[in-house]
Amino acid sequence: MLKETHKAEIDDILSRYPVKRSALLPLLYLAQREQGYITEAAMQEIAGLLKLTPPQVYETATFYTMLNLKPVGKFHLQVCKSLMCALVGSDTVIGWISAKLGIKPGETTPDRLFTLSIVECLAACGTGPMMQVNDDYYERLTEEKLDRILADLRQTGTCSLKTGPFMWPEPAPAKPGA
Amino acid sequence: MPKYEPILLKNMLQPGYTGSLAEYERAGGYQAIRKVLGKVSPADVTAVVMKSGLRGRGGAGFPTGVKWGFLPKDYQGPRYLCCNADESEPGTFKDRQLIERDPHQLLEGMLLACYAIGAASSYIYIRGEFVLGAKILEQAINEARAAGYVGKNIFGSNTTIDIWVHRGAGAYICGEETALLESLEGKRGLPRVKPPFPATHGLYNKPTVVNNVETLANLPHILNRGAEWFASIGSPPKSTGTRVFCVSGHVARPGNYEVPMGITFRELIYEQAGGMRSDKKLKAFIPGGASAPFLTPDHLDVKLDFESVALAGSMLGSGGVTVMEEGTDMVWAALRLMEFFYHESCGKCSPCREGSSWLVQIMRRIVNKRGQLADLETLTDLCKNIAGRTVCAFGDAEVSPILSTLKHWRHEYVAMIHAAEAANLIRPEPVGAKQ
Ligand SMILES: Cc1cc2nc3c(=O)[nH]c(=O)nc-3n(C[C@H](O)[C@H](O)[C@H](O)COP(=O)(O)O)c2cc1C
Ligand code: FES
């Protein structure tokens, strides 16, 4: 039960809003973080916490694409295919991933490590092709980069190619003596 | 030296700038709020913003001071500010940079807006995918709270202003301001029927202002340097200040470029963004995000200000400029954007819900060389029955790619259809509600 394991965090979330229902998305995120996806039991518990009916929770949960109502792989590869990325090769990237992992969009590898999804614009249109893996962005993808990302994810669970605080074009490095 | 003085990107262009509270203050941060808090009346702050000519950077370009002025003067209950950091318009990636590289600039802007409208609580509604951005904002708010700049009695005054980060969860429509409010209330992000407007019935039915990240980030500079200074930048009187334009597509140097409004597309694309990426010529560009109708090389000398782009038959919108080179298939491009709108239609209004599905199906069969000439009339007819017939502006937006490509590149549609006819492939697929 979230209530027992995350009491302080739940109280903190509730304290931010004058109306309880506003805490719904944050609590659904909390449930997803803990279990990888949102279970029916979690939705029922959250309904109780917020004095909502389970259908009210379900109605909201089903609207948002980032809330997983089914389990996904450990690494959720989400490749943007909207126009700006498509102009610079996102369809090719999707093809590479499919071939390398042997899965089609929407599928998960048998070892449950990777799920491939195709998504719409993630606000990285100037640095496409790009994908989001769990919380991290990977931009200006090439086949070499992709190989490294997949290898690093398998080995260490993360990859240093992920984008830090975003700025593009990057600021010029300070010139010595300038 | 950049050709134009950067305002919003100034700090982050300094090599090594991390956006911490200490660095923001060293660069002159949190001076504007100190200058006005308890010294300039909220009404006078609003007057300065009005005089500066600042217009919303979220898409619609509504004058910011005027919007604030719509809040009821005599209402005693709570009021809210919501910062729109949903940034989901394809082609747009400026708010992400403003948030992640200089979060305190946004926070100071929010404090100023809250002070002007009398809000003690404010929320930053940030798109769910910006996990890093949300983290950076939370850290910045904690720093500011510890310094006494956010929370109770800020800067030792008797003013209380709180700022909270609220993450969306993957829905383009939540960038529309009333859908944003619904989402923030824990509901599905369905736009509300207007009127009543958020100014009187917003978050929790209380007077509310929704402003875009870039709009708010301008406020410290306007209050520091004055309305006249701001109004002298860009193309006054109607498009004042700079814009951070997001250039994407087939250019040599895509990215965010802050320039005064009123420079031409030619200058933005060929000077700032380095021109085309290869020797292929420019074929088309979208001037203001996916919702803005496509323009052609004939429009390169149009000025990047609200009025000029509108006169050219498009809109400045979110500032996302997408460039396409010779050889780009325009029907394919329109289909890509149509697929986006189909995916993101919230389903509230029938013309948009059903129409977006039909449009995608017809476009797909044309691209798959299964189209017929009558399809072009059907497309036009459908588009005309969606635009203007929905609760929010999504309906107007979703028909832009098809209508504008049909206008400028109708021959490409016709060629695809003739190819289908020649190959005798026409087997019209029935169009229904579900794919
Ligand atoms: C479908 C749709 C999506 C929108 N998405 C965004 C968005 O992602 N970010 C944003 O700031 N404004 C967006 N807007 C505009 C907002 O409704 C609103 O006009 C804006 O946030 C007001 O802020 P401003 O006056 O500072 O521009 C969208 C509008 C529509 C109709
Ligand atoms: S189009 Fe791919 S991130 Fe915007």
Set of lysines near B:Lys303 by C-alpha distance (under 16 Å), chain-local residues within fewer than 8 positions excluded = B:Lys238
Cα gyration tensor of the protein assembly as shown diagonalised, 5x eigenvalues square-rooted, in angstrom largest first, produces semi-axes 36, 30, 25
Calculate how large, on average over all directions, the projected area of the Cα convex hull of region B:330-425 is; give the answer in nm² to one decimal.
-> 5.3
From the backbone phi of region A:122-133, what are the Karplus-calculated ³J(HN,Hα) couplings (6.51 cos²θ - 1.76 cosθ + 1.60, θ = phi - 60°) in whole Hz, Gly and Pro given as x?
-> 10, 6, 9, 5, x, 10, x, x, 9, 8, 10, 10
Relative contact order (percent, whole number), region A:1-155, Cα cutoff 8 Å, 6+ residue spacing = 18
Of all DSSP beta bridges having both residues in region B:11-231, the percent classed as antiparallel (nearest 5) is 10
Using θ = phi - 60° and the Karplus curve 6.51 cos²θ - 1.76 cosθ + 1.60, what whole-Hz ³J(HN,Hα) does each residue of region B:94-111 get, with Gly and Pro shown as x?
-> 8, 4, 4, 5, 4, 6, 7, 9, 8, x, 5, 4, 5, 4, 5, x, 5, 4
Lysine pairs with alpha-carbon atoms under 28 Å apart, region A:49-152, spacing 8 or more or separate chains = 12
In Å and whole numbers, how far do the C-alpha atoms of region B:237-325 stretch along each principal axis, longest first?
-> 38, 23, 20
Heavy-atom accessible surface buried between B and A, both sides counted, 1.4 angstrom probe, nearest 100 Å², is 4700
Most mobile of A:Pro26, A:Pro165, A:Pro18 in a GNM of chain A (Cα contacts under 10 Å) | A:Pro165
Calculated diffusion of chain B, Stokes-Einstein form, Kirkwood radius summed over Cα pairs, 25 °C and 0.890 mPa s, µm²/s | 108
Could you list the trypsin sites (Lys or Arg not before Pro) in region A:88-170 that lie in coil according to DSSP, counting only those with at most 16 other Cβ atoms within 10 Å of their Cβ?
-> A:Arg112, A:Arg140
For chain B, the dipole about the Cα centre with charges only on Cβ (Lys and Arg +1, Asp and Glu -1), to the nearest 20 debye, works out at 520
With Rh as the Kirkwood radius over Cα pairs, chain A has Rg/Rh of 1.05
The alpha-carbon center of region B:211-282 and that of region B:17-42 are separated, in whole Å, by 24
Check: C-alpha center region B:98-138 vs C-alpha center region B:318-355, spacing in Å is 29
Carbon/sulfur accessible area of chain B, % of total, 1.4 Å probe, equals 55
Computed about the Cα centre, the charge dipole of chain A from +1 Lys/Arg and -1 Asp/Glu charges at the Cβ has a magnitude in debye, to the nearest 20, of 100
Gap in Å between the Cα centre of region A:1-64 and the Cα centre of region A:100-178?
-> 30
Across region B:275-289, in residue order, what do the Karplus-derived ³J(HN,Hα) couplings come to in whole Hz, using 6.51 cos²θ - 1.76 cosθ + 1.60 with θ = phi - 60° and x for Gly and Pro?
-> x, 6, 6, 9, 7, 6, 7, 5, 9, 7, 8, 9, x, x, x
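The values are calculated or read from the model by the stated rules, or taken from the named source; none is laboratory data. Keep in mind that this is a model prediction, so the values were computed, not measured. Because the Cβ atoms are built from the backbone with ideal geometry, glycine has one as well, and the counts that use them run over all protein chains shown. What goes into the accessible areas is simple: the full protein's heavy atoms, side chains included, and nothing from ligands, DNA or RNA. Shrake-Rupley method; radii C 1.70, N 1.55, O 1.52, S 1.80 Å.
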